[in-house]
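For reference, the structure is listed below as structure tokens.
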Amino acid sequence: IEPFLELFSRQPNAGIASCSGHEIVVHGDKRELLSLPGHTPIRVDVACGGFACFVRPAVFRDVGEYDEALNPFWHEDDDISVRARVAGWDVYAVPTAAVVHHGHKSGVALPALVQGGSLDKQRYLVGKWRALGIVQPDGRLAIGHADAEDSLAERLGVRSGRAGPVRRSEVERAKADVLLLTQVLNQQGRLDNNTRYASAPAKAWLEDRIDSGVAGPQERHVHSAIQSVLDARRRATRLPTTEPRQGRPPTRLADAADWDDATWFATAVEFAGDGRGGQQWYDRSATTWRATQAAFALREWDVLRTDARVLVVADLRSPLVWALAQHVREVIVADVLDRYRTRSLDSEAAPAPAGTGAAWLEHPEQFATQSVPAGRVRAVDIAQLLTVDHAHAFDTAVVLPFDDDSTIAEIGTLLTTIAALVVPGGPLLSCVSVRLSGPPLSGVLEAPAAVTRWLATLGLALRGGTDFSLTDAGLLAATEQEQRDRRKPDLLRVQGLRLTGFLSIACVVPPSI
């Protein structure tokens with residue numbers, strides 16, 4: 001408890017503190033948690049660690065008791081945090097505190113609430129916050145007091161091409177990146193396998209200090225090292241330099257700058273269920289990018305029609321599945337990962353009884369990320385899908401994501417098989433890993449340009465143009481293959497001299513399939 005006691009002693013306006021807390025962004029009827037630097041106590045929107053939450057008695061005297069509409073659990077800590085902030089208190093996350101949390105073990109007798117209660121409670125809370133008038137158009141909560149960091153956040157937002165200021169946690173993480181890079185350079189003289197700290201926000205923060213004339217020699221050295229990483233990747237990949245722009249072709253490389261395109265980001269919020277990346281560069285993930293890019297292409301081609309049947313080979317819990325179901329007649333999901341087949345919903349340990357079928361096949365709506373009309377989403381066993389004749393049964397198909405262990409041959413076989421289920425002339429969307437520099441790697445296409453030749457061997461052809469360029473932010477958005485963490489986006493992966501990325505592919509199914 002000492003880290004909390006120290007915080008309350010040091011910050012008399014701190015009313016609530018937890019080992020887990022976040023800034024949040026509200027979109028629609030949901031709230032998304034933004035990531036934290038994980039190094040120092042920081043002021044946050046919600047202490048969403050009610051399992052280890054310290055509260056001054058005066059806070060409860062100010063704001064009253066828990067909201068019984070949230071009984072027995074889910075987001076009561078969010079509610080108390082926001083009410084405390086409206087009353088003038090500060091809320092803190094203390095990531096240095098050591099706490100062991102056995103997640104949801106108090107709810108094992110209520111599996112339906114554990115599985116689906118969060119979305120219901122979020123809808124209730126977001127409505128409550130909107131009624132208070134504290135949700136801004138960009139999803140931020142308009143509460144709390146301003147401080148000296150706010151002007152810096154505004155400047156960094158402009159420098160980074162954001163629609164608004166960057167978040168407090170992103171500024172703190174950028175500072176932490178600079179500190180870590182300084183330590184690495186002082187100890188080793190070069191970055192080598194620590195390039196994940198060479199982040200776009202850190203570069204922007206350093207450039208602000210350099211332009212303001214307050215940067216010291218070490219900070220200039222770190223900025224030079226980040227620029228060297230960027231220059232080296234540009235030379236090694238030989239990719240053309242580009243500026244963030246709208247209207248890029250559907251077959252294109254994943255780029256961290258895409259979130260700063262307002263139209264693309266709106267698609268991410270709707271179809272990937274993730275508004276975080278528009279607020280923090282550190283939350284721009286490959287999973288979100290792949291889902292968003294697929295939806296972006298479908299919308300561009302006017303495939304989202306009320307009479308369309310869409311096949312999705314992906315995780316049933318993907319927000320893409322349930323967002324598509326808002327637009328088309330039927331979404332059929334074949335979960336290639338098969339996560340749920342051996343477990344029932346009522347127990348973590350007990351397998352589903354023989355003959356009853358997998359729970360995810362019988363009740364897909366229990367994994368919904370938003371409400372859709374009954375029967376709009378249907379789950380099927382992929383083995384059944386491939387053994388029963390469904391030739392040309394679907395208007396389009398989306399195959400996402402492949403796990404990292406799939407080989408190019410396995411991916412090709414699946415694409416060819418799925419293509420036979422799509423009507424001739426219909427689009428088939430997917431995403432593959434591509435090698436951008438360094439030695440060859442099995443399971444990865446040798447270069448972006450090789451995708452056309454590879455698809456030709458499968459009897460498929462690209463629909464629309466291609467774009468193999470990357471922005472500077474895109475080239476900096478890489479993590480070490482062996483040291484992946486939430487400190488960087490995972491849009492690119494680096495392993496020694498090798499750099500790999502993700503390429504969305506948009507094919508048209510020919511009549512011969």
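Restricting the search to the range 83-117, which residues are more than 25 Å from residue 39 (Cβ to Cβ), outside any loop (DSSP other than H, G, I, E, B) and either modelled with pLDDT of 85 or more or open to solvent by 50 Å² or more (accessible area, probe 1.4 Å) (or both)?
Selection gives 83, 86, 105, 106, 112, 115.
What's the number of the condition residue 428 fails, among (1) surrounded by fewer than 22 Cβ atoms within 10 Å (Cβ to Cβ); (2) in contact (Cβ under 8 Å) with a residue 40 or more places away in the chain; (3) within 29 Å of residue 333 (Cβ to Cβ); (4) touching a helix residue (DSSP H, G or I) at 6+ places or on another chain (Cβ under 8 Å)?
Result: residue 428 passes all but (1).
Sort out for me the helices (runs of 4 or more DSSP H) sitting completely within the range 128-226 that have 3 or more residues that are open to solvent by less than 40 Å² (accessible area, probe 1.4 Å) and of a type in the set (D, E, K, R).
Ranges flagged: 168-188.
Every residue, every condition in (1) closer than 26 Å to residue 32 by Cβ; (2) buried (at least 18 other Cβ atoms within 10 Å of the Cβ), yes or no:
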{"position": "229", "(1), (2)": "no, yes"}
{"position": "243", "(1), (2)": "no, no"}
{"position": "270", "(1), (2)": "yes, yes"}
{"position": "276", "(1), (2)": "yes, yes"}
{"position": "280", "(1), (2)": "yes, yes"}
{"position": "286", "(1), (2)": "yes, yes"}
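Being in contact with a strand residue (DSSP E or B) (Cβ under 8 Å, 6 or more places away or on another chain), closer than 14 Å to residue 247 by Cα and open to solvent by 10 Å² or more (accessible area, probe 1.4 Å) is the filter here, so list the residues in the range 295-317 that pass it.
Within the range 295-317, 301 is the sole residue that qualifies.
Quick check: is even one residue across the range 201-209 under 20 Å from residue 160 (Cβ atoms) and touching a Phe, Trp or Tyr at 6+ places or on another chain (Cβ under 7 Å)?
Within the range 201-209 (the criterion being under 20 Å from residue 160 (Cβ atoms) and touching a Phe, Trp or Tyr at 6+ places or on another chain (Cβ under 7 Å)), the answer is yes, since at least one residue qualifies.
Within the set of pairs 6 or more residues apart or between chains, which connect a residue that is of a type in the set (Phe, Trp, Tyr) inside the range 260-273 to a residue that is outside any helix (DSSP H, G or I) and surrounded by fewer than 20 Cβ atoms within 10 Å (Cβ to Cβ) with Cβ atoms less than 8 Å apart?
Within 8 Å, the pairs are 264/246.
Please list, ordered by first then second residue, the pairs with beta carbon atoms under 8 Å, 6 or more apart or interchain, first in the range 182-193 and in contact (Cβ under 8 Å) with a residue 40 or more places away in the chain and closer than 14 Å to residue 217 by Cα, second among the aliphatic types (A, V, I, L, M) and not in a loop (DSSP other than H, G, I, E, B).
182/222; 185/222; 185/225
The values are calculated or read from the model by the stated rules, or taken from the named source; none is laboratory data. On a predicted model such as this, the values are computed, not experimentally measured, just so you know. Please note: Cβ atoms are built from the backbone with ideal geometry, for glycine as well, and neighbour counts cover all protein chains shown. The protein model used for the area step is the full one, side chains on, heavy atoms only, and it has no ligands, DNA or RNA in it. Shrake-Rupley method; radii C 1.70, N 1.55, O 1.52, S 1.80 Å.
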